[in-house]
1. When you go through (1) closer than 18 Å to Ala428 by Cα; (2) in a helix (DSSP H, G or I) one by one for Val528, which number turns out not to apply?
2. For region 160-210, give me the residue count where each residue is under 30 Å from Ala250 (Cα atoms) and either of a type in the set (A, V, I, L, M, F, W, C) or exposed (fewer than 13 other Cβ atoms within 10 Å of the Cβ) (or both).
3. Quick one: count up the residues across region 369-422 that are of a type in the set (D, E, K, R) and either at pLDDT below 95 or touching a Gly at 6+ places or on another chain (Cβ under 8 Å) (or both).
4. Kindly establish whether Thr330 is over 23 Å from Ser396 (Cα atoms), among the polar types (S, T, N, Q), crowded, with 17+ Cβ neighbours inside 10 Å and in contact (Cβ under 8 Å) with a residue 60 or more places away in the chain.
5. Please enumerate the residues belonging to region 333-367 that are at pLDDT 95 or above and of a type in the set (A, V, I, L, M, F, W, C).
6. Considering region 450-502 alone, what residues qualify as being in a loop (DSSP other than H, G, I, E, B) and surrounded by fewer than 15 Cβ atoms within 10 Å (Cβ to Cβ)?
7. Taking the condition among the charged types (D, E, K, R), surrounded by fewer than 17 Cβ atoms within 10 Å (Cβ to Cβ), without any contact (Cβ under 8 Å) to a residue 60 or more places away in the chain and assigned to a helix (DSSP H, G or I), does Glu229 pass?
8. Just one of the numbered conditions (1) surrounded by 15 or more Cβ atoms within 10 Å (Cβ to Cβ); (2) assigned to a helix (DSSP H, G or I) is not true of Ile324; which one?
Amino acid sequence: MMRLLRGIWRILSGISRTISVLLPLMFIAIFIIAFSVTMKESAPEPLPAQAALLIAPSGPLVEDNPPVEPVAAFLNQEYERPIFLHDLVRAIQWAANDDRITAIILNLEDLAGPSTSQTLELSEAIAEFRSTDKPVIAVGDFYSQAQYLLASQADQVLLHPEGGMFLEGFSVYRSYLRSFLEKIRVTMHVFRAGENKSAVEPYLRDDMSKNERAVVSRWLSGLWAAYAELAEVGRDRPSGSLNAFIDSFAEQLEASDNDLAETLMAGGWIDVLADHTEMNAMLAERVGVTDDEGLALTIDFERYFEDMKQQRALAEEGLPLIAIVPVEGTLMPGESEEGMAGSDTINSYIDNAMEAEDIAAIVLRVNSPGGSVFASDLIRRKLAEARQADIPVVVSMGTVAASGGYWISAEADQIWALPTTITGSIGAFSAFPTIEGIFEYIGVTVDGVGSTSLAGAVSFDRGVSPEMARILQAMSYSAYDDFVELVSRGRELKRDAVEEIAGGLVWTGAEAAQIGLVDELGSLDQAVAAAAELAGVEQWRTGRTSVPPSFESLLLEELSHSFNASLPRGWSWTESLLASFRPVVKGLSDLRDPMHVYVQCLECVPVL
């Protein structure tokens, strides 16, 4: 037996030594491959004298992007840097007055979204481009409802004869867990302040409450009305035609021999049905410039933006800086991660802006449903430091700036929102489960002693004592009182007036402007101009604050691109490897407030 164990140990030791030798050699080999591929690549060619700007984004449009872990950057074979919404807006604006750009081609099939609010900002830039008599053409085999709204802003919308889209309107449906929790004997402890703070409703009910149904119907109808108006204006259709089309869609589809594409064109939502060959020919004609294969000559958005950014950086050198500080995702203490805005990261952005020698103002770009009370207040206090240093702070709200997203905005010098921004939700809650019912059902008892009446008063296996429940509810009331007070102070509203529009109520940006939660309606560019006016500057440059990627991240990301470029097409071992880790990462809770009290609007999801 001992000989067998020694043999196994020698085998394991041999494997360990082999791995310790082969792993560095593998990285060296990868580096050599990447270096050789890079050396073979020629220097970037100058932009052509004339071409179309190709906008074909992949994934969602974002306000900020947290640092990528070095190993993740290397392993992710299909990793691509996300596209910032404002970068895309600026590129379209620059292209309007650029003689090199003859047209814009929108290919949106890989775009996640965009939200109606994002399309509103993009539509302004597209309208500016179209005013120069340059065409904008949207092409696609299929359009999602969200993609179509952006496509509808083009001069022409092309669709494959076998393609289509489905317009249905907006909806909010949630899973209600009360009966399920009862059946599995899990007790959900809920403490909230604000009668309309419906984030906890799914734990307490089996259906949407009457009050919540009325609140959601109000803001959801407002968002859909904005969508319909934007699409109808873009397609030059009369008001009300979109809802009429949806209501009679089944009849119209039958009338056109069940041909979806023909139905869409007959309704005026599509201009031309064309297969890929026909699309290519039409694009070549509209763009007016072709490549060696006779296809329309195009410039990718990313390449064009980088070229223009370098040119403008030289022209704007020395101008006062208006720093754009992005807040993207759920607010939590610590560093930013995917889907979460960490208070430490956001505050480092603000510090970097304040330390800039030529800083004139800060524009906080908020796209967050809120989150931790503690994290929200850390950011609010850091912004107060900027204002105390005589740096104007203006908030620009994106798709959603609710609950904690509003907490960090309330005391700004000005708040700008889009008509379709989801905001408000002034309330607080705490919620967590205990399983004493399961223990009772299976016959397990828990007993012991504590040194005080509160020792062990909150226990996963014993529940919550009545005295501790009073304390937790008081903490929610305290957070709510603080929230109402800072809104009253920041927006210069009487406390009674704030309480009437608080209570967890959700508002669209247009409604928020009417009740005093928002000062002005407008885009990020308009918020930047307002910040410049407050700072007393007539010319300025903008800069987005961010955390510089580490050398390791950049190196491994470049190695990943170069290494995977040399692999056979479709070889996706890295994708499979990453997929095995995703459930683990996804399962980590993002509820990290140290006091477990949250100002978060869980129902304020972007409606697409």
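1. Single failed check for Val528: (1).
2. If we filter region 160-210 for residues that are under 30 Å from Ala250 (Cα atoms), which is where we start, we get 160-175, 207-208.
From the residues that got through so far, the ones that are either of a type in the set (A, V, I, L, M, F, W, C) or exposed (fewer than 13 other Cβ atoms within 10 Å of the Cβ) (or both) too are 162, 165-168, 170-173, 175, 207-208.
Of the residues in region 160-210, 12 are under 30 Å from Ala250 (Cα atoms) and either of a type in the set (A, V, I, L, M, F, W, C) or exposed (fewer than 13 other Cβ atoms within 10 Å of the Cβ) (or both).
3. Initially, region 369-422 is screened for residues of a type in the set (D, E, K, R), giving 377, 380-382, 385, 387, 390, 411, 413.
Still in the list and also either at pLDDT below 95 or touching a Gly at 6+ places or on another chain (Cβ under 8 Å) (or both): 411.
Total satisfying the criteria: 1.
4. Values: over 23 Å from Ser396 (Cα atoms): no; among the polar types (S, T, N, Q): yes; crowded, with 17+ Cβ neighbours inside 10 Å: yes; in contact (Cβ under 8 Å) with a residue 60 or more places away in the chain: yes.
Spelling it out, it is not the case that Thr330 is over 23 Å from Ser396 (Cα atoms), among the polar types (S, T, N, Q), crowded, with 17+ Cβ neighbours inside 10 Å and in contact (Cβ under 8 Å) with a residue 60 or more places away in the chain.
5. Selection gives Ile346, Ile350, Ala353, Met354, Ile359, Ala360, Ala361, Ile362, Val363, Leu364, Val366.
6. Of region 450-502, the ones in a loop (DSSP other than H, G, I, E, B) are 450-457, 460-462, 465, 492-494, 502.
Scanning region 450-502 gives Gly450, Ser451, Thr452, Ser453, Leu454, Ala455, Phe460, Asp461, Glu492, Lys494.
7. Working: among the charged types (D, E, K, R): yes; surrounded by fewer than 17 Cβ atoms within 10 Å (Cβ to Cβ): yes; without any contact (Cβ under 8 Å) to a residue 60 or more places away in the chain: yes; assigned to a helix (DSSP H, G or I): yes.
Yes, satisfied.
8. Answer for Ile324: the failing condition is (2).
The values are calculated or read from the model by the stated rules, or taken from the named source; none is laboratory data. Since the model is a prediction, treat every value here as computed from it, not as a measurement. Heads up, the Cβs are rebuilt from the backbone with ideal geometry, glycines too, and the neighbour counts pull from every protein chain shown.
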